[in-house]
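Participant: Let me begin by handing over the structure; questions about it come next.
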């Protein structure tokens, strides 16, 4: 095999040597289109050399129009990483035998590498990145790291010859269990059995490593698979999921923290030892299967000797970024060349987009839950089918149970330490929505409104009103744990921690319950904070009597609640590192900034704190006499804040809770159009009643679907 590679490498060198001479003569005055043409020409010649099937025929590469894009303005000393997997000839035809969306056509890879060369990108090694981070030789401009996951045989037969020709370094990530499979035994690859010869051999790995171009990373030994994580049998990535075992007694069915950590440690060490056995060198890089990781996995990888880890989050990497969270852009079968250019421009936020437009459907899991498991599964299927047809960008999905509709969590839809679990439903529906309908899922969670069981130590650590407050002060106020009380804060934090451990989701939507009126919080814990931390009087009567003190007190409460939600988000990021945030805000603080006194909410502080602010643009809830005029006033107020439209979701109501009747779908659709035409970028509605087809699909789809509004572009 080595002789074969040497033979066609010689051919490649001759061909590219001639092309390089031609290119060098015109490069100084070459337009981007000409550079593209030369890259295509080089790619065709290279492909002819490495593809015996094309040796006797002319090779033609289709050259789609090159989209004009702004220059990349990555920070100094930053670098990009591309994630490739299998490389196949005639990739689309190969899907008949083995469908795999991450497989890339050989022609596309050659075209990518040629374009990279012609456009000044400079592939670097992992060692160069490490040296630069340590203060050594700086990285070149437009540095790029090439990675190839899973250890497919194509990395040796197709990729390695190209790396040698271009003199490009790369990282390959190996799954030990697949390589250890005997030659006469099929490899279990997801839900398929694949011939062992579709993966590299250890001899081939050693040859690539000896070249000095290829570094071998770990892709875990046996965690590149799904594991059962709930009673319904859903499979989640094994590196982050907690194993569920129905054969164990209740209370022991979910894998605990210690056993989870032990499982990771055993797997990581096994693969590192295996790679060292066959290559003489332990890996220092972990490449997470499916890009799924959490802080526990990162810590265990470090302990086993892999302080560097790569994920599948897009965007540039800078010297200041953690080495255990190196971002990579995933190359797919349909990425093409213009797609590659877009990948090399992706920001490090919002799945590689700059505040993309959102089309949101806000869903109650209470509508899905049923005491009969069979009916519940029917409900899940109906919901998934409806979301697939409506095709929004995002679902805000209830993670707490509120069967009485008072906005307070009576139970939760995930395993946890503090409240009853009504059903282990959130993880299942969230994962199915993401994988089957392609939406982003935000976990909709209370901040303070948890009705803890009687006897719970924190059950009575509640927000309290000052004595003498009028009866009206209690209207429309939730039952809330006090965020000032240390035990209540710890309890809420642990609930969020349990959510992070037990489900995969894109973001968190903080409920509208995080408010404090001008009569709250008078609990002992709150008064202590006012006095000792804020240096304010520990008397609500005194605070309310002095206008300046009252204003200062309201502002501090606003920031305190914002900070608490930030801490909750940080708790979730231990398990969902790329978490995005949104928070519901009432319309009144947007329309009337003086209402901070009544809510402890301000629009400006929300814009500064969260990725998105979800305004409850609900005119009927606000008793607006002229709903359309009210909505126009609301968006006018939003537009008066520079940049606010990019970070604001207008969430309309599909039900009139005053009369317990649905809003006519035509009215809802007209209101969405009104806001969109007035400049709103992101829209949504709540609730969605899939049982009764409300809002009516045919009428609401034109307003909520990305098939109508290509909002991800």
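The values are calculated or read from the model by the stated rules, or taken from the named source; none is laboratory data. Fair warning: this is a prediction, and the values are worked out from it, not measured in the lab. Reconstructed Cβ throughout: ideal geometry from the backbone, glycine too, with neighbour counts over all protein chains shown.
Participant: Please verify whether the stretch 177-189 includes one or more residues that are modelled with pLDDT under 95 and under 33 Å from the mean Cα position of the chain (by Cα).
Facilitator: Yes, some residue in the stretch 177-189 is modelled with pLDDT under 95 and under 33 Å from the mean Cα position of the chain (by Cα).
Participant: When you check residue 397 against the structure, is it under 18 Å from residue 504 (Cβ atoms) and in a helix (DSSP H, G or I), yes or no?
Facilitator: Working: under 18 Å from residue 504 (Cβ atoms): yes; in a helix (DSSP H, G or I): no.
In short, no.
Participant: Tell me, which helices (runs of 4 or more DSSP H) wholly within the stretch 72-133 include 2 or more residues that are surrounded by fewer than 20 Cβ atoms within 10 Å (Cβ to Cβ), assigned by TED's automatic domain parsing to the domain that holds residue 214 and in contact with a strand residue (DSSP E or B) (Cβ under 9 Å, 6 or more places away or on another chain)? Please lay out each step first, then the result.
Facilitator: Details: elements: 91-94, 106-118, 126-133.
Ranges flagged: 91-94, 126-133.
Participant: Here's another thing I want to ask about it. Please specify each residue of the stretch 149-167 satisfying the condition of being within 30 Å of the chain's Cα centre (by Cα) and either assigned to a helix (DSSP H, G or I) or over 26 Å from residue 237 (Cβ atoms) (or both).
Facilitator: 154, 155, 159
Participant: Of all residues in the stretch 345-372, count the ones that are at pLDDT 95 or above and more than 20 Å from residue 434 (Cβ to Cβ).
Facilitator: Number of matching residues: 4.
Participant: Any chance you could count how many residues in the stretch 660-702 are free of Cβ contacts under 8 Å to residues at least 40 places away in the same chain and touching a strand residue (DSSP E or B) at 6+ places or on another chain (Cβ under 9 Å)?
Facilitator: 7
Participant: For the list (1) over 19 Å from residue 609 (Cα atoms); (2) out of contact with any strand residue (DSSP E or B) (no Cβ under 6 Å at 6 or more places or on another chain), I need the number of the one condition that residue 640 fails.
Facilitator: Condition (1) is where residue 640 drops out.
Participant: Please verify whether residue 349 is in contact (Cβ under 8 Å) with a residue 12 or more places away in the chain and more than 19 Å from the chain's Cα centre (by Cα), treating the condition exactly as stated.
Facilitator: Working: in contact (Cβ under 8 Å) with a residue 12 or more places away in the chain: yes; more than 19 Å from the chain's Cα centre (by Cα): no.
No, not satisfied.
Let's see how each residue does on (1) assigned by TED's automatic domain parsing to the domain that holds residue 390; (2) more than 33 Å from the chain's Cα centre (by Cα); (3) under 18 Å from residue 699 (Cβ atoms):
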{"position": "583", "(1), (2), (3)": "yes, no, no"}
{"position": "608", "(1), (2), (3)": "yes, no, no"}
{"position": "626", "(1), (2), (3)": "no, yes, no"}
{"position": "642", "(1), (2), (3)": "no, no, no"}
{"position": "661", "(1), (2), (3)": "no, yes, yes"}
{"position": "672", "(1), (2), (3)": "no, no, yes"}
{"position": "675", "(1), (2), (3)": "no, no, yes"}
{"position": "678", "(1), (2), (3)": "no, no, no"}
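Participant: Looking only at residues in the stretch 325-339 that are more than 15 Å from the chain's Cα centre (by Cα) and surrounded by 19 or more Cβ atoms within 10 Å (Cβ to Cβ), which one is farthest from residue 289 (Cα to Cα)? Even if it seems obvious, please write down each step before you answer.
Facilitator: Quick first cut of the stretch 325-339, residues more than 15 Å from the chain's Cα centre (by Cα) only: 331-339.
Still in the running and surrounded by 19 or more Cβ atoms within 10 Å (Cβ to Cβ): 331, 333, 335, 337.
Working: 331: 15, 333: 18, 335: 20, 337: 25 Å.
Result: 337.
Participant: Of all residues in the stretch 413-443 being touching a helix residue (DSSP H, G or I) at 6+ places or on another chain (Cβ under 9 Å) and in a strand (DSSP E or B), which is surrounded by the fewest Cβ atoms within 10 Å (Cβ to Cβ)?
Facilitator: 440
Participant: Please identify the pairs in which a residue from the stretch 398-417 that is on the phi > 0 side of the Ramachandran plot has its Cβ atom under 8 Å from the Cβ atom of a residue that is assigned to a loop (DSSP other than H, G, I, E, B) and buried (at least 18 other Cβ atoms within 10 Å of the Cβ), counting only partners at least 6 apart or on another chain.
Facilitator: Qualifying pairs under 8 Å: 407/446; 407/449; 407/478; 407/511; 407/512; 407/513.
Participant: Taking the residues in the stretch 287-309 that are assigned to a loop (DSSP other than H, G, I, E, B) and within 13 Å of the chain's Cα centre (by Cα) as candidates, determine which candidate is farthest from residue 104 (Cα to Cα).
Facilitator: Let us first name the residues in the stretch 287-309 that are assigned to a loop (DSSP other than H, G, I, E, B), namely 288, 292-294, 304-307.
Now narrow it down to the ones that are within 13 Å of the chain's Cα centre (by Cα): 292-294.
Details: 292: 21, 293: 25, 294: 28 Å.
Once the filter is applied, the top-ranked residue is 294.
Participant: Same structure, new question: Of 696, 707, which residue is at pLDDT below 95 and surrounded by fewer than 19 Cβ atoms within 10 Å (Cβ to Cβ)?
Facilitator: On the way: 696 fails: at pLDDT below 95.
From the options 696, 707, the qualifying one is 707.
Participant: Let me ask another. Sort out which residues of the stretch 368-394 are surrounded by 14 or more Cβ atoms within 10 Å (Cβ to Cβ) and not in a helix (DSSP H, G or I), and write them in order of number.
Facilitator: 368, 369, 370, 391, 392, 393, 394
Participant: May I pose another question? For the stretch 578-641, which helices (runs of 4 or more DSSP H) that fit wholly inside it have 3 or more residues that are under 25 Å from residue 663 (Cβ atoms)?
Facilitator: Values: elements: 587-591, 596-599, 603-609, 627-639.
Hits in the stretch 578-641: 587-591, 627-639.
Participant: For the stretch 660-681, enumerate the residues that are outside any helix (DSSP H, G or I) and surrounded by fewer than 14 Cβ atoms within 10 Å (Cβ to Cβ). Quick ask: steps written out before the conclusion?
Facilitator: Here is the first cut: in the stretch 660-681, the ones outside any helix (DSSP H, G or I) are 660-664, 678-681.
The answer is 660, 661, 679.
Participant: Which one of 164, 158 is assigned by TED's automatic domain parsing to the domain that holds residue 278 and either surrounded by fewer than 20 Cβ atoms within 10 Å (Cβ to Cβ) or modelled with pLDDT under 95 (or both)?
Facilitator: Of the residues listed, the single one that is assigned by TED's automatic domain parsing to the domain that holds residue 278 and either surrounded by fewer than 20 Cβ atoms within 10 Å (Cβ to Cβ) or modelled with pLDDT under 95 (or both) is 164.
Participant: Please tell me if residue 312 is in a loop (DSSP other than H, G, I, E, B) and either surrounded by fewer than 19 Cβ atoms within 10 Å (Cβ to Cβ) or outside the structural domain of residue 143 (by TED's automatic domain parsing) (or both).
Facilitator: Values: in a loop (DSSP other than H, G, I, E, B): yes; either surrounded by fewer than 19 Cβ atoms within 10 Å (Cβ to Cβ) or outside the structural domain of residue 143 (by TED's automatic domain parsing) (or both): no.
Judged against the criteria, residue 312 is not a match.
Participant: Among the numbered criteria (1) loosely packed, with under 14 Cβ neighbours inside 10 Å; (2) within 25 Å of residue 588 (Cα to Cα); (3) free of Cβ contacts under 8 Å to residues at least 24 places away in the same chain, which single criterion is violated by residue 657?
Facilitator: Answer for residue 657: the failing condition is (3).
Participant: Next question. Being assigned by TED's automatic domain parsing to the domain that holds residue 440, closer than 30 Å to residue 429 by Cα and in contact with a strand residue (DSSP E or B) (Cβ under 7 Å, 6 or more places away or on another chain) narrows it down to one of 499, 481, so name that one.
Facilitator: Working: 481 fails: assigned by TED's automatic domain parsing to the domain that holds residue 440.
Just a single option satisfies the conditions, and that option is 499.
Participant: A follow-up question, please. Which residues, counting only those in the stretch 578-594, are modelled with pLDDT under 95 and in contact with a helix residue (DSSP H, G or I) (Cβ under 9 Å, 6 or more places away or on another chain)? I'd like the intermediate steps shown before the answer.
Facilitator: To start, the set of residues in the stretch 578-594 that are modelled with pLDDT under 95 comprises 578, 593-594.
If the condition is that a residue be modelled with pLDDT under 95 and in contact with a helix residue (DSSP H, G or I) (Cβ under 9 Å, 6 or more places away or on another chain), then 578, 593 are the ones that fit.
Participant: Within the stretch 172-262, which strands (runs of 3 or more DSSP E) (wholly inside it) include 2 or more residues that are buried (at least 18 other Cβ atoms within 10 Å of the Cβ) and in contact with a helix residue (DSSP H, G or I) (Cβ under 6 Å, 6 or more places away or on another chain)?
Facilitator: Per the criteria, 214-218.
Participant: May I ask you to list the residues in the stretch 237-267 that are touching a strand residue (DSSP E or B) at 6+ places or on another chain (Cβ under 6 Å) and within 20 Å of residue 192 (Cα to Cα)?
Facilitator: Residue satisfying the conditions is 238 alone.
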